[in-house]
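Enquirer: My structure is below; once you've seen it, I'll send some questions.
The values are calculated or read from the model by the stated rules, or taken from the named source; none is laboratory data. Since the structure is predicted, the reported quantities are computational estimates derived from the model, not experimental observations. Cβ placement follows ideal geometry from the backbone for every residue including glycine, while neighbour counts extend to all protein chains displayed. Keep in mind that these areas ignore ligands, DNA and RNA; they rest on the heavy atoms of the full protein, side chains included. Shrake-Rupley method; radii C 1.70, N 1.55, O 1.52, S 1.80 Å.
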Amino acid sequence: MTIRFDGRVAIVTGAGSGLGRSHALALAERGAKVVVNDLGGSLNGQGQSSSAADAVVAEIKAMGGEAAANYDSVADAAGAERMVATAVDTFGRLDILINNAGILRDKSLAKMDPADFEAVTKVHLYGSAYCTRAALPAMQKNNFGRIVLTTSNSGLFGNFGQANYGAAKAAMVGLMNVVRIEAAKYGIKINTIAPMAATRMTENVMPADMLPLFKPEYVSAAVAYLCSEACEDSGQIISASAGYVARVQVMSSAGVFLDTNKPINADTIAQNWASITDMSGCQGFESAGAEMEYIVQQTMARLKKSA
Ligand code: NAI
């Protein structure tokens, strides 16, 4: 099987450097027309410049591909609309959106300036929501779409000094879970990548000898797959780095059904804590409704038994 994107039009946000650039090149290499979005600011989200996006557009054109630049901030709802208009006006349609743009403003929460919490949340969470919101109508029109969100192991698993970033990144999972359900009937699949790669974001964090192992291209391979027709899954979180590719899932323990004919209080929870948190027999749920169905079914079965 050779995955191709001929005739497909993609937007990659934050595609002027690092992972976004690599994603844009990976799609263009396989035939996609790409809108290269980048605000061109610093790692902490200050300043702006058109040069980052322009350079990647030039790279794609130099390899015989088609690309157009957009310099809007993803955190600007009107900018997100302009980004989609760039795709539709220039290339006639929109099939793929990779929400990748990101900034960092690390500090432990107790010492964090609220402005730094807001700035990071705006780019990652609002930015991904605004771009996805703007892209959906264009995708719905074609009954096809592939959307990728970018989370982080900081949000999924925790990391010191990144409360703003971790919270906004974990929010990608919630955004995905809801959009997956809302967009399913239009053939739109939405998945989330949890990358690790050597970029300006990590060059001072990763040990120097590890940097060559973490090529952005390895992450882009998984992202390109998630953007393809071959990918029929929706709602997956895929961790990808250094050749490691794995699925991450929010799981629920089998749980304990407490006797509702007896008092349920903090002491009951304490007595059952080990069973409540025992993850053997854990399961994931397809939706909030599926979890509720499980709880109702199990409860009804218990009631019937005790009747
Ligand atoms: P990077 O700093 O090289 O690239 C981010 C790009 O986003 C930059 O070109 C920047 O100009 C652009 N950008 C920032 N704010 C923007 C805005 N408001 N609108 C449009 N463009 C904007 O960083 P990297 O590493 O390539 O990160 C890409 C994504 O992957 C980010 O979402 C990041 O949080 C995420 N990530 C990266 C990891 C890594 O190991 N590099 C680990 C986990 C997540």
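Enquirer: Please pick out the residue among Ala290, Ala222, Ala246 that is hydrophobic (A, V, I, L, M, F, W, C), assigned to a helix (DSSP H, G or I) and in contact with a strand residue (DSSP E or B) (Cβ under 6 Å, 6 or more places away or on another chain). Break it down stepwise before answering.
Expert: On the way: Ala290 fails: in contact with a strand residue (DSSP E or B) (Cβ under 6 Å, 6 or more places away or on another chain); Ala246 fails: assigned to a helix (DSSP H, G or I).
Step by step, each of Ala290, Ala222, Ala246 is checked, and only Ala222 is hydrophobic (A, V, I, L, M, F, W, C), assigned to a helix (DSSP H, G or I) and in contact with a strand residue (DSSP E or B) (Cβ under 6 Å, 6 or more places away or on another chain).
Enquirer: While we're here: Which of the residues spanning segment 130-154 are surrounded by 21 or more Cβ atoms within 10 Å (Cβ to Cβ) and small (Gly, Ala, Ser)? Quick ask: steps written out before the conclusion?
Expert: Looking only at segment 130-154, we keep the residues that are surrounded by 21 or more Cβ atoms within 10 Å (Cβ to Cβ), and these are 130-132, 134-136, 139, 145-152, 154.
If the condition is that a residue be surrounded by 21 or more Cβ atoms within 10 Å (Cβ to Cβ) and small (Gly, Ala, Ser), then Ala134, Ala135, Gly145, Ser152, Ser154 are the ones that fit.
Enquirer: Moving on to the next point. Going by what's in this entry, would Ser241 be described as in contact with a Phe, Trp or Tyr (Cβ under 7 Å, 6 or more places away or on another chain), within 15 Å of the ligand (Cβ to nearest atom) and open to solvent by less than 20 Å² (accessible area, probe 1.4 Å)?
Expert: Details: in contact with a Phe, Trp or Tyr (Cβ under 7 Å, 6 or more places away or on another chain): yes; within 15 Å of the ligand (Cβ to nearest atom): yes; open to solvent by less than 20 Å² (accessible area, probe 1.4 Å): yes.
In short, yes.
Enquirer: Surrounded by 18 or more Cβ atoms within 10 Å (Cβ to Cβ), over 24 Å from Ile3 (Cβ atoms) and in contact (Cβ under 8 Å) with a residue 24 or more places away in the chain: does that describe Ala183? Let's see the steps before the verdict.
Expert: Numbers: surrounded by 18 or more Cβ atoms within 10 Å (Cβ to Cβ): yes; over 24 Å from Ile3 (Cβ atoms): no; in contact (Cβ under 8 Å) with a residue 24 or more places away in the chain: yes.
When the stated conditions are applied, Ala183 does not pass them.
Enquirer: For residues in segment 159-171 being more than 13 Å from the ligand (Cβ to nearest atom) and not in a helix (DSSP H, G or I), which is most open to solvent (accessible area, probe 1.4 Å)?
Expert: Phe160
Enquirer: How do the pairs read when you match residues in segment 214-234 that are among the hydrophobic types (A, V, I, L, M, F, W, C) with residues anywhere that are surrounded by 19 or more Cβ atoms within 10 Å (Cβ to Cβ) and part of a loop (DSSP other than H, G, I, E, B), using Cβ under 7 Å and keeping only pairs 6 or more apart or on different chains?
Expert: Going by the 7 Å Cβ cut-off, the qualifying pairs are Phe214/Met196; Phe214/Ala197; Phe214/Ala198; Val219/Ala197.
Enquirer: Let me ask something else about it. Among the residues that make up segment 191-211, is at least one of them buried (at least 21 other Cβ atoms within 10 Å of the Cβ), away from the ligand (no atom under 13 Å from the Cβ) and on the phi < 0 side of the Ramachandran plot?
Expert: yes
Enquirer: What number goes with the only condition from (1) outside the structural domain of Leu156 (by TED's automatic domain parsing); (2) within 14 Å of the ligand (Cβ to nearest atom) that Ser253 does not pass?
Expert: (2)
Enquirer: Which residues, counting only those in segment 100-138, are of a type in the set (S, T, N, Q) and within 21 Å of Ile193 (Cα to Cα)?
Expert: Narrowing segment 100-138 to residues of a type in the set (S, T, N, Q): 100, 108, 121, 128, 132.
Result: Asn100, Thr121, Ser128, Thr132.
Enquirer: Do the conditions hold for Gly174, that is, is it more than 16 Å from the chain's Cα centre (by Cα), at pLDDT 95 or above, open to solvent by 20 Å² or more (accessible area, probe 1.4 Å) and farther than 24 Å from Ser17 by Cβ? Break it down stepwise before answering.
Expert: Working: more than 16 Å from the chain's Cα centre (by Cα): no; at pLDDT 95 or above: yes; open to solvent by 20 Å² or more (accessible area, probe 1.4 Å): yes; farther than 24 Å from Ser17 by Cβ: yes.
No: the conditions fail for Gly174.
Enquirer: Test each condition in (1) within 15 Å of Thr86 (Cα to Cα); (2) more than 8 Å from the ligand (Cβ to nearest atom); (3) in contact (Cβ under 8 Å) with a residue 60 or more places away in the chain for Thr13 and report the one that comes out false.
Expert: (2)
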